[in-house]
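What follows is a single structure, written as structure tokens, with notes after it.
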Amino acid sequence: MNAPHLAPVAPPAVSALAPLPRGRGGLSFTEALSAALGALNANKLRAALTALGIFIGVAAVMVTVAVGAGARQQVLSQIQSLGANLLLVWGGNVRMGGVSLGAGQRANMSWDDAQAIPREIYAVQVAAGAIRQQQQVVAGNQNWATTVTATDPDWFVAHDWTLAEGRFFTVEENMAGRKVVLLGATVAEALFGEENPVGREVRIGATPFEVIGVLGRKGQNPMGQDQDDAVVMPYWTARRSVMGSSRAFARAVSTISVKVHEGEDMALVEDELRALFRQRHRVAANEPDTVQIRNLSEIAATRDASARTLSMLLASVAAVSLLVGGIGVMNIMLVSVTERTKEIGLRLAVGARPADILKQFLLEAVLLALIGGAAGVAAGFALAHLLGGLAGWPVLVQWDAVALAVAVSGLTGLFFGYWPARRAARLDPIAALRSE
Amino acid sequence: MNAPLIETHDLTRHYPSGEGVVAALDGVDVTIQPGEFVAAMGPSGSGKSTFLNLIGCLDTPTRGTYRLAGEDVAHLSTEALAALRGERIGFVFQSFHLLPRLDALANVAMPMLYRGVSRAVREARAAEALARVGLAGRMRHRPNQLSGGQQQRVAIARALVNGPELLLADEPTGALDSRTGIEIMALFQALNAAGVAVLCVTHDASVAAYAARTLRFKDGKMVEDRRHTPVDAAALLRELA
């Protein structure tokens with residue numbers, strides 16, 4: 001096999017190359033990167049299958065985090081809509097001739113109880129007594145059955161209501177029994193459609209009322225009730241015009257909404273409220289409380305906690321799949337190191353430092369995991385929106401979660417790639433060159 | 001300062017083997033000057049490969065000293081030895097050891113990756129090295145597109161590319177037919193004439209004949225150190241043609 005195309009090697013043509021300057025730095029990052037890319041490119045299918053493990057893990061994390069965050073945000077906004085730091089006092093056990101009528105059966109609290117609360121308990125910001133009744137509200141030829149709440153202006157403060165239109169009623173309007181109402185967003189829409197109801201007239205029973213405001217939209221409460229399906233009027237107006245009651249209960253309220261100052265201990269205020277009612281209602285030491293107190297945000301917080309537990313559970317399942325993906329990366333890197341033992345020996349012989357070899361193989365593993373991670377983020381993003389659209393779940397993609405997912409997949413590559421890379425770096429060049 | 005290129009004293013390498021140890025190399029004293037062409041000869045197991053590995057800084061001696069260009073390298077760290085290999089030594093192997101994924105130019109440029117040299121300089125030097133071994137027209141060929149002789153020339157260009165003072169060749173003609181083997185030895189002689197020291201390990205006396213000095217190994221000891229007139233490989237090729 002004499003190769004005729006081989007140029008004859010005449011001594012004058014051959015001379016050694018000038019030595020490179022000594023003591024230059026090792027393998028640069030970009031060179032290591034392009035070497036790693038080249039190695040992955042040489043085994044595309046294998047690289048893709050390995051990255052698939054990371055891909056699935058990251059996509060699963062993305063979906064669970066996005067859906068979980070959406071659900072939590074929904075619960076949190078519901079808690080907000082209830083009113084923060086709110087205690088609700090219900091009329092409690094009323095006994096008539098030894099028979100308990102059950103909670104809330106009789107209005108055993110009075111307007112004066114509500115007025116007394118902020119005076120007696122320092123931590124309370126406002127307390128507003130209220131009574132409720134189902135009523136038919138009529139405007140022109142439209143009518144709508146809804147719950148009418150008759151209360152104190154402080155009730156708006158206690159429940160964190162905002163205004164969409166107009167104004168709240170005043171203490172003076174309440175005392176004077178002025179015939180004014182505020183409509184919830186649902187009622188305003190049902191009766192007036194797109195028009196602004198402020199200044200218009202509605203009738204409740206036979207009595208005409210002036211609409212002075214429309215409440216800001218709150219949506220559903222955590223029990224699924226539409227909080228905007230409501231009409232609010234001054235307490236004393238209702239007492240005189242709509243919900244006329246017997247003389248015995250002329251000052252009665254069915255609930256008292258108590259807003260506690262920010263940062264105060266809710267449980268302590270609950271105890272103080274109980275004590276106050278025992279004193280005001282002259283309850284004997286061996287008798288049960290006359291009122292019940294509920295902390296609504298606590299109920300909602302329980303729901304939030306269970307939503308959080310569920311998403312933690314899902315996230316840990318996703319984390320396990322990421323772990324499995326990482327083991328796949330390690331496996332393939334070990335195979336790759338074994339396959340390329342001779343190449344590693346050669347590189348060591350021509351001057352690669354063990355640190356250079358480590359860098360090259362580690363970068364390959366990180367790159368593999370990052371490619372899987374980036375694809376997983378994209379697929380997870382798409383899947384979360386698809387699922388959210390199909391199932392009607394709220395979906396919230398948090399960009400810090402995306403960054404975290406990519407970082408975690410990179411770290412997975414680093415962690416699971418280190419051992420194979422170190423094995424490559426510690427190869428004995430003589431044995432490596434001799435291997436087949 | 002005219003330090004010898006290679007200076008060993010009592011160079012010894014033991015390997016653990018079963019209960020005891022095997023002295024693969026036992027007390028070798030040798031001095032090689034810059035620009036020499038030396039053959040290390042002996043049958044397999046004679047210690048010539050161990051000698052090559054130690055001289056090539058791929059291995060460290062159990063006992064004794066080794067100075068490369070005046071620098072004591074017997075007890076350097078693996079990192080420092082790697083750097084030294086890159087800077088001062090070029091390796092040529094029997095089975096070429098080219099990376100099949102890379103073309104000739106990239107194979108030749110590879111050692112410079114670990115020297116922190118820019119891409120432009122790497123490609124220029126690799127092209128120059130390939131031109132000097134007569135492969136200017138084969139830069140974009142992959143190893144499997146080249147003949148055995150051409151592959152060994154690419155490997156020699158790779159050994160040259162960092163500008164080493166010493167070429168270490170381990171049976172460089174072992175995988176080639178005799179005519180191509182002579183061509184490769186002619187290339188080594190030409191490079192040696194240009195000032196590069198060559199240490200060639202072989203079991204073949206006809207290959208050792210191209211060197212100007214032969215070290216003969218037997219059972220881990222150097223048993224002969226003889227200077228002789230080398231056979232001119234280029235002249236032999238002209239005769240054959």
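The values are calculated or read from the model by the stated rules, or taken from the named source; none is laboratory data. In this text the structure is predicted, and so the values were computed from the model without any measurement. Positions of Cβ are backbone-derived with ideal geometry, glycine not excepted, and every protein chain shown enters the neighbour counts.
Listing for the model above:
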| item | result |
| --- | --- |
| Hits in region A:186-209 - residues which are surrounded by 18 or more Cβ atoms within 10 Å (Cβ to Cβ), part of a strand (DSSP E or B) and of a type in the set (V, I, T) | A:V202, A:I204 |
| Qualifying residue in region A:374-383 (condition: under 17 Å from the mean Cα position of the chain (by Cα), farther than 19 Å from A:L323 by Cβ and in a helix (DSSP H, G or I)) | yes |
| Subset of region A:384-400 (residues that are within 15 Å of the chain's Cα centre (by Cα) and either in a helix (DSSP H, G or I) or closer than 10 Å to A:V65 by Cα (or both)) | A:A384, A:G388, A:V395, A:L396, A:V397, A:Q398, A:W399, A:D400 |
| Answer residue from region A:401-435, given it is under 20 Å from A:V366 (Cα atoms) and of a type in the set (D, E, K, R) and is nearest to the chain's Cα centre (by Cα) among those | A:R422 |
| Those residues of region B:174-187 which are more than 10 Å from every other protein chain (Cβ to nearest Cβ) and touching a residue at least 60 places away in the same chain (Cβ under 8 Å), in sequence order | B:G174, B:A175 |
| B:E123 vs. criteria more than 8 Å from chain A (Cβ to nearest Cβ) and more than 18 Å from the chain's Cα centre (by Cα) | yes |
| Qualifying positions in region A:26-42 - more than 10 Å from chain B (Cβ to nearest Cβ) and more than 23 Å from B:G86 (Cα to Cα) | A:L37, A:L40 |
| Matching residues in region B:75-105 - criterion: being facing another protein chain (nearest Cβ under 10 Å), over 19 Å from B:V198 (Cα atoms) and charged (D, E, K, R) | B:E79, B:R101 |
| Residues located in region B:126-163, provided they are polar (S, T, N, Q) and either within 9 Å of another protein chain (Cβ to nearest Cβ) or within 17 Å of B:E87 (Cα to Cα) (or both) | B:S147, B:Q150, B:N162 |
| B:A69 exposed (fewer than 15 other Cβ atoms within 10 Å of the Cβ), of a type in the set (A, V, I, L, M) and either within 12 Å of chain A (Cβ to nearest Cβ) or within 17 Å of A:A352 (Cβ to Cβ) (or both) | no |
| Considering residues of region A:295-321 that are among the β-branched types (V, I, T) and under 27 Å from A:L86 (Cα atoms) only, the residue modelled with the highest pLDDT | A:T309 |
| Condition met for B:V207 (assigned to a strand (DSSP E or B) and closer than 19 Å to B:A159 by Cβ) | no |
| Verdict on A:G263 being assigned to a helix (DSSP H, G or I) and among the small types (G, A, S) | no |
| Residues of region A:343-357 satisfying the condition of being aliphatic (A, V, I, L, M) and within 7 Å of chain B (Cβ to nearest Cβ) | A:L346, A:L348, A:A349, A:V350, A:A352, A:A355 |
| Residue list for region A:33-73, restricted to those being crowded, with 22+ Cβ neighbours inside 10 Å, aliphatic (A, V, I, L, M) and more than 14 Å from A:A369 (Cα to Cα) | A:A60, A:V61, A:M62, A:V63, A:V65, A:A66, A:V67 |
| Sole residue being outside any strand (DSSP E or B) and β-branched (V, I, T), chosen from B:T60, B:T12 | B:T60 |
